[in-house]
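This report concerns only the one structure given below.
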Amino acid sequence: MHEVSKQTIETAQKHAQESIEHSKKVQELGKSLQTDDQIEPEQKERIKAYGEIMYEHAQKFQELAHRLTQDPSTDLFSEAVEEHIKINQAHIEAIKEFQKIEPPA
C-alpha cells in the first residue's frame, strides 16, 4: 500500500487552512455587497452561497488532511484532493457571478 509523505500531508494541512480563510473572505464579500443597491439581490446571495459551499468543503478538506497524520493512505489523500477540487469549482462560480456585476456608471 502506498503512503503519502509527511511533507505532502503538511502541505495539504496548510492548504486546507488557507482554503478555510479564503472561503471566509468570499462569504464576507457576499455580505459586504448586501448594502449595494446597484447589485441584484440574487447575485449577492449567490456569491455568499458559493463562499459557504467553499467553507463546507474546506472544513472537510481540513478534516481529511488532519486524518492523514494517522492514515497516510493514498485513498484518503484522494478524498482530500476531491474536496479541494470542489472548493475550486465553487470559487470559480463565485468569480463568474462577481464578474456579472455591472460597474457603476
Checklist entry - Can you name every residue in segment 83-105 that is among the charged types (D, E, K, R), more than 11 Å from Ile47 (Cα to Cα) and at pLDDT 95 or above? => result Glu83, Lys86
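So which residues in segment 63-81 are surrounded by fewer than 20 Cβ atoms within 10 Å (Cβ to Cβ), part of a helix (DSSP H, G or I) and in contact with a helix residue (DSSP H, G or I) (Cβ under 9 Å, 6 or more places away or on another chain)?
Glu63, His66, Arg67, Leu76, Glu79, Val81, listed by residue number.
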Item to check | In segment 82-91, the residues that are charged (D, E, K, R) and either within 30 Å of Pro103 (Cα to Cα) or open to solvent by 60 Å² or more (accessible area, probe 1.4 Å) (or both) | outcome: Glu82, Lys86
Item to check | Of all residues in segment 6-60 being in contact (Cβ under 8 Å) with a residue 60 or more places away in the chain and not in a helix (DSSP H, G or I), the one that is surrounded by the most Cβ atoms within 10 Å (Cβ to Cβ) | outcome: Ile39
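The values are calculated or read from the model by the stated rules, or taken from the named source; none is laboratory data. Predicted, not measured: the structure shown is a model, and the values here were computed from it. Cβ sites come from the backbone with ideal geometry, for glycine too, and all protein chains shown count toward neighbours. SASA here: full protein model, heavy atoms, side chains in, ligands and nucleic acids out. Shrake-Rupley method; radii C 1.70, N 1.55, O 1.52, S 1.80 Å.
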